[in-house]
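The values are calculated or read from the model by the stated rules, or taken from the named source; none is laboratory data. Everything numeric in this text was worked out from a predicted model, so none of it was measured. Positions of Cβ are generated from backbone atoms using ideal geometry, with glycine treated the same way; all protein chains shown enter the neighbour counts.
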Amino acid sequence: MSVDALDLQKAADIFEEHGCLVVRGLMAPYIKAIHQDIEAAAAESLSLLDEAEQIVEGWRTPNGTLFIPAPSGYERDKQIMVLSVNYQTSAAFFQSAFDETTANIVETILGPNMEIFGGGQCLYKEPVGGHPKHLHQDSAYFEHRYQGPVGILSYVVDTDLVNGALHVVPGSHKLGQLKHIDTFSHLGLAEDEWPWESALPVSGKAGDSIFFNVKTIHGSKQNMSDKPRPIFINRYRRTDDYVIIGGTTTANRAESEKRAAAAEEAKKASSDRGLMLRGFRPFDS
């Protein structure tokens, strides 16, 4: 759909049926400023790479950027995956989370009381071999008690099959939670069961946005162009929803599964609450 000719109920119906929705031009007003912040953060992160500490997921620089192993033949042994651009570092990114049209669409999907989930995420594929992200469900990383978050991935540059367009498997959200394995880019689905041919690539212009259900299978191939391919993600959920199982590897997800019963008893802790986007959060003892 186009942001200039938007039918909110039709948009929600598409999302419900396919587990994904494309809205052309939705984030266009924010792209220039966010792109500037992203490239500044990328340069900053590369300058801090010698100070990176090793963690379970890869290496983290002092400014918070996550690096993962680079493919063989790359100019260095580490490359950027999750960039330190979020609601605490980029005003433009934070402002995009409260976009009026976006809120209208999400409210039609989730209902009147909804909150922002997480602090915003920026994924960055470096040029000439920037990492692929295996097909996966976001629910492998943060499985929720109820519907789970609506994620909105937005292109910062024109994106196609050369520089790493998002691939989605329409309708896959209806399959429930699938078993994931460890990959070099963290949790993913086994390629012999979920090859790239099972997914539909979504090319787009800078400012185009893809809404996807937390259980919709998606991923992206390498960036084989000579320029970076950044994207940013805003996520929203119902105010009564909460994470029951989370993880970034099969090991720490398994540990989280063992604690799921306790998490169910505790329900959503105050620290897990997000900023309100629409509606009101009543007190719950």
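Please pick out the residue among G164, G148, G176, G207 that is touching a Gly at 6+ places or on another chain (Cβ under 6 Å) and on the phi > 0 side of the Ramachandran plot.
G207
Is there a residue in the range 253-276 that is at pLDDT 95 or above and closer than 15 Å to Q137 by Cβ?
No, the range 253-276 contains no residue that is at pLDDT 95 or above and closer than 15 Å to Q137 by Cβ.
Could you check, for the range 76-94, whether at least one of its residues is crowded, with 22+ Cβ neighbours inside 10 Å, in a strand (DSSP E or B) and either of a type in the set (D, E) or in contact (Cβ under 8 Å) with a residue 60 or more places away in the chain (or both)?
yes
What number goes with the only condition from (1) within 23 Å of A41 (Cβ to Cβ); (2) surrounded by fewer than 16 Cβ atoms within 10 Å (Cβ to Cβ) that S203 does not pass?
The single condition S203 does not satisfy is (1).
Just give me the residues in the range 64-84 being more than 19 Å from the chain's Cα centre (by Cα) and closer than 24 Å to N252 by Cα, in sequence order.
P69, A70, K78
Just give me the residues in the range 225-250 being modelled with pLDDT of 95 or more and either closer than 16 Å to S154 by Cα or among the hydrophobic types (A, V, I, L, M, F, W, C) (or both), in sequence order.
Correct list: P228, R229, P230, I231, F232, I233, N234, R235, Y236.
Of all strands (runs of 3 or more DSSP E) completely enclosed by the range 131-240, which ones contain at least 3 residues that are more than 23 Å from T102 (Cβ to Cβ)?
133-136, 181-183, 186-188
Hey, among the residues in the range 225-243 that are among the aromatic types (F, W, Y) and surrounded by 22 or more Cβ atoms within 10 Å (Cβ to Cβ), which one's farthest from M27 (Cα to Cα)?
The selected residue is Y236.
Taking interchain pairs and intrachain pairs at least six residues apart, which have beta carbon atoms under 8 angstrom, with the first residue in the range 104-124 and within 20 Å of G19 (Cα to Cα) and the second basic (K, R) and not in a strand (DSSP E or B)?
Qualifying pairs under 8 Å: E115/R273; E115/R281.
Could you tell me whether any residue of the range 57-74 is out of contact with any strand residue (DSSP E or B) (no Cβ under 6 Å at 6 or more places or on another chain), part of a strand (DSSP E or B), in contact (Cβ under 8 Å) with a residue 40 or more places away in the chain and more than 27 Å from Y236 (Cβ to Cβ)?
For the range 57-74, residues out of contact with any strand residue (DSSP E or B) (no Cβ under 6 Å at 6 or more places or on another chain), part of a strand (DSSP E or B), in contact (Cβ under 8 Å) with a residue 40 or more places away in the chain and more than 27 Å from Y236 (Cβ to Cβ): present.
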